[in-house]
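What follows is a set of notes on a single structure, which appears directly below.
FYI, it's all coordinate maths here, none of it is from the lab. Bear in mind the structure is a predicted one, so any value in this text is a computation, not a measurement. Neighbour counts run over all protein chains shown; Cβ positions are idealised from the backbone, glycine included.
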Amino acid sequence: MTLASRYDILVIGAGPAGLAAAAESVAMGLRVALVDEQGAPGGQIYRAITTTPVQQRDVLGADYWYGEKLVAAFERSGAGYSPRTTVWAVTREADEFQIGLSCDGGAQLIRARQVILATGAQERPFPIPGWTLPGVMTAGAAQILLKSAGLVPGGTTVLAGSGPLLYLIAAQFTAAGARVECLLDTTPAGRWRDVLRHAPDFVASPYAAKGWSMLRAAQRMMRIVKGVEQISAIGAGKLDGVRFTTGGHTQDIPADLLLLHQGVVPGINLSNAIGCAHHWDAAQACFTPTVDDWGATSIPGITIAGDAAGIAGARSAEARGTLAALHAASALGHLRTAQRDAQAVAPRRELERWNRGRKFVDALYLPAPEFRIPTGDTIVCRCEEVTARQVTETVALGCTGPNQMKSFLRCGMGPCQGRLCGLTITELIAKERGVSPAETGYYRLRFPVKPITLGELAALPQTDSSVDAVVRIKR
Amino acid sequence: MSAAGADVVIIGGGLHGCSAALHLARAGVRALVVEKNYVGRHASGVNAGGVRTLARNEAEIPLALAALELWHHIGELVDDDCGFESFGQIRVAENAADAAALQQREARLQALGYSHERWIAADELFLRVPALSRHCVGGLIALRDGAALPYRTTAAFRRKAENLGQIFLEGTRVLGIRREGNSWVVDTSAGTLSCRVLVNCAGAWADAICAALGEPVPLEAIGPMMLVTLRMPRFLEPVVLGTGRPLSFKQTAEGTVLIGGGRLSRVDRGLETTELDFRELAASARTVRELFPVMRGAVIHRGWAGIEARMPDEIPVIGPSSTAPDVFHAFGFSAHGFELGPIVGRITAELITTGASALPIAPFSIRRFAGHAPD
């Protein structure tokens with residue numbers, strides 16, 4: 001689709017939050033476009049739902065196929081939709097926002113009065129010795145291959161980490177015919193006792209029955225090792241096996257593929273670069289944009305919906321998408337406050353339902369510090385190959401924060417823009433200095449938040465000011 | 001809080017503040033640096049790193065040449081090479097008009113007795129910069145110029161000053177200054193400091209100090225924008241500058257390419273934030289594409305701007321206050337202060353310890369703005 005030069009609302013991301021926000025906005029009569037990096041709607045959770053070759057429904061499961069309804073509603077809504085579109089900048093321009101984006105190799109700048117970020121979550125960095133070896137990837141990446149191309153691992157696969165998604169992926173792979181040799185569960189032994197106080201809420205939540213049956217199913221299908229305290233990927237040049245320690249006992253198992261997963265955290269690169277306020281969320285051990293109960297950020301006109309504003313899952317994201325749209329419409333003067341509040345009753349009820357039990361899940365699956373804060377020669381920043389030891393030695397030189405660390409070691413300055421090391425660097429510096437992650441802070445992220453070519457940038461239209469650009473180099 | 005025995009309080013932990021602290025330490029004078037954020041937070045830490053005598057305002061040339069000598073032995077000064085590399089800097093002429101302007105400049109500099117800028121014809125230009133588009137006709141080269149790593153440099157000056165006993169108070173904001181007897185009292189967010197001499201190295205925020213001294217200056221906070229690419233195979237050694245259009249272009253030791261040249265972001269001085277202007281950056285990208293065809297497919301992956309001060313005449317303020325005793329300024333470097341860092345700190349230290357500088361600093365006197373009405 002060709003994007004217009006101006007919209008009332010631009011929604012970024014076509015997962016459940018973005019789909020719901022765009023459909024709701026357009027139903028209120030606003031000019032709306034949804035832009036998304038993927039070729040088809042669905043986000044990560046419902047990825048490739050309209051195109052997946054995996055048509056046997058029990059492989060990806062009912063929770064995946066639920067997304068069909070959401071995508072269909074979005075498609076019926078008539079909202080503008082631009083797939084394969086990467087947003088690389090959002091800047092303020094008078095009382096609007098200017099959005100820099102690229103589609104099929106062409107960059108353009110468009111404007112919107114309100115922007116809804118529905119950019120979702122990313123997998124938490126899981127830095128263990130050997131995690132950069134070929135043959136090691138994240139479980140989420142493997143799941144993308146399954147959803148979008150029907151690919152399943154061929155050799156001996158080991159899953160490692162913690163969290164509900166790990167077990168879901170184990171079940172999906174097994175159903176799709178993969179041989180999952182072993183699941184190494186790093187949930188700390190005894191964590192159950194610590195989280196019992198949150199259990200009643202969880203038991204009453206829609207997740208409880210599902211979670212229980214998923215665990216049972218996984219136990220039938222593969223070897224599960226609980227209470228794993230240490231993991232290394234071993235091999236020369238490529239993965240040969242996995243070394244793990246449990247109960248003080250270390251053993252090696254051969255593996256062709258190691259899939260790592262330690263839960264998900266909000267993807268904050270865009271909100272951070274825009275300048276929205278963020279805070280340290282101790283329960284989820286990550287930085288999260290600071291939003292009100294509509295998703296409104298510290299910057300008027302920027303609203304965040306879904307997991308990008310704090311991890312709460314797909315169904316919660318959908319409700320938060322609707323609420324963000326109501327807020328944006330109201331901010332545009334399109335909806336009176338009373339109307340907004342009346343229309344918010346139903347999504348708020350949904351939100352409450354799907355947020356129930358969240359504290360239990362957060363507390364149970366918070367990764368143990370040894371899997372968040374590596375030591376020694378373990379690589380922290382993959383792009384620039386910076387190790388944990390280099391970081392701690394640089395702290396000893398007087399480097400107090402992640403932004404100074406960038407200048408010392410170039411960590412976070414590679415192509416991933418810190419996505420794969422940001423939280424690790426913060427927690428590593430915080431631990432070394434004996435201060436909180438909140439005080440340590442996070443990388444200041446910079447536009448373009450996704451790489452663009454010089455040719456694309458050069459092809460942007462000129463303005464009068466750039467034609468008359470003040471030439472500051474003296475003759 | 002006392003200034004812990006310091007004779008001098010330096011306001012601003014940029015390169016110039018750190019350099020003043022270092023040179024004062026070498027002269028045996030104890031100084032304390034007050035920095036509202038962290039050392040090297042703004043322009044000092046994130047500028048393009050050009051170590052450039054080329055294309056300087058004539059008044060700055062003696063300082064720039066003296067500084068260049070220090071850069072070539074920077075390790076002796078700060079125990080760190082600061083990532084300094086000397087592959088020269090070249091201003092390219094893209095047409096006959098550019099060439100005429102550059103050749104006139106070469107002649108004028110020679111008449112003044114300077115030989116550091118030399119005209120090179122197209123054949124030598126392409127030998128030195130093979131990747132340059134063949135429409136270029138020649139250029140001015142300053143062979144001993146180069147580039148360094150700005151944050152590493154600023155941190156090295158700070159570390160050396162600290163090793164020699166100077167004190168740095170980071171995260172400490174100056175709230176006001178006042179005179180008490182023969183002392184200066186500096187009220188900060190971390191308490192009150194007392195000292196004999198005050199140095200204003202507050203960069204984009206230096207005008208507040210001047211206003212408090214009753215000598216307001218027309219300072220503008222600017223944020224020159226820069227872009228950096230992902231790593232590319234080595235294709236460029238010297239730093240390349242534009243003549244008819246703004247550009248500063250260099251490839252770093254690790255292979256990334258840095259594009260700058262003075263196009264400006266929007267700056268919020270109060271919030272200490274900048275906002276990039278992508279239409280302006282697109283113009284930079286067009287210049288680069290035309291001068292370096294190899295760059296067409298280069299991947300841009302970060303842009304930023306560092307906040308600093310620009311004076312209307314684009315040369316700094318260096319020297320004593322015109323209204324108050326025992327106050328010295330060093331600010332307003334107008335987007336080209338990095339190279340001068342090592343020498344201006346020495347000048348400030350000389351002014352404090354001897355009352356004079358061996359280098360000609362009269363053109364930088366704050367008196368040139370006398371009569372400027374405060375905002």
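Points to keep in mind about this one:
- Cross-link table A:Lys359/A:Lys450; A:Lys69/A:Lys210; A:Lys406/B:Lys250; A:Lys210/A:Lys431; A:Lys210/A:Lys238; A:Lys431/B:Lys250, entries beyond 29 Å C-alpha to C-alpha: A:Lys359/A:Lys450; A:Lys210/A:Lys431; A:Lys210/A:Lys238; A:Lys431/B:Lys250
- Restricting the GluC sites (Glu not before Pro) of the range B:277-334 to loop positions (DSSP other than H, G, I, E, B) with no more than 16 neighbouring Cβ atoms within 10 Å leaves B:Glu314.
- Taking the C-alpha atoms of the protein assembly as shown, convex hull volume expressed per residue in Å³: 180
- Sequence of A:His198, B:His73, B:His42 once ranked by neighbouring C-beta atoms within 10 Å, starting from the fewest: B:His73, A:His198, B:His42
- Taking other C-beta atoms within 10 Å as the exposure proxy, A:Met28, B:Met295, A:Met221 rank A:Met221, A:Met28, B:Met295 from fewest upward.
- Of the complete DSSP H runs in chain A, none spans 18 angstrom or more by Cα along the long axis with a mean Kyte-Doolittle score not below 0.5.
- Among B:Glu76, B:Glu215, B:Glu35, the residue with the largest mean-square fluctuation in a Gaussian network model of chain B, with springs joining Cα atoms closer than 10 Å, is B:Glu76.
- Among A:222-228, A:112-118, B:22-28, B:247-253, the order from most to least packed when residues are scored by Cβ within 10 Å on average: A:112-118, B:247-253, B:22-28, A:222-228
- Positive contributions from Lys and Arg (+1) and negative ones from Asp and Glu (-1), summed over other residues with Cβ under 12 Å from the Cβ of B:Cys136, come out at -2.
- The GluC sites (Glu not before Pro) found in the range B:178-269 that occupy coil by DSSP, while having at most 14 further C-beta atoms within 10 Å, are B:Glu254.
- Burial ordering of B:Val174, A:Val158, A:Val71, fewest other beta-carbon atoms within 10 Å first: A:Val71, B:Val174, A:Val158
- Working note: Karplus 6.51/-1.76/1.60 with θ = phi - 60° gives the range A:241-256 the couplings x, 10, 10, 9, 10, 9, x, x, 10, 9, 9, 10, 10, x, 7, 9 Hz, where Gly and Pro are set to x.
- Considering only the Cα atoms of chain A, their convex hull presents on average a projected area of 24.9 nm².
- Cysteines (scope chain A) whose Cβ has no counterpart Cys Cβ under 4.7 Å: A:Cys103, A:Cys182, A:Cys276, A:Cys286, A:Cys383, A:Cys399, A:Cys416
- The range B:245-347 - Debye-derived log10 I(q)/I(0), Cα point model, q = 0.12, 0.16, 0.18, 0.21 Å⁻¹: -0.56, -0.87, -1.02, -1.20
- Peptide packing: for B:111-120, A:342-351, A:139-148, the average count of neighbouring Cβ atoms within 10 Å per residue gives the ranking A:139-148, A:342-351, B:111-120, highest mean first.
- Relative contact order %, the range A:125-262, counting alpha carbon pairs below 8 Å whose residues are six or more apart: 38
- DSSP bridge orientation in chain B - percent antiparallel, rounded to nearest 5: 75
- Shielding of peptide A:106-112 by partners, expressed as the average count of other chain Cβ atoms within 10 Å per residue Cβ, is 1.
- Shielding of B:99-107 by partner chains, average beta-carbon count, 10 Å: 1
- Per-residue mean of foreign Cβ neighbours for A:96-105 is 1 (Cβ atoms of other chains, 10 Å radius).
- Residue-count net charge about B:Ser189 - beta-carbon cut-off 15 Å; Lys, Arg +1, Asp, Glu -1: -2
- Neighbour-limited loop hits for trypsin sites (Lys or Arg not before Pro), the range A:259-339 (at most 12 other Cβ within 10 Å; DSSP other than H, G, I, E, B): A:Arg336
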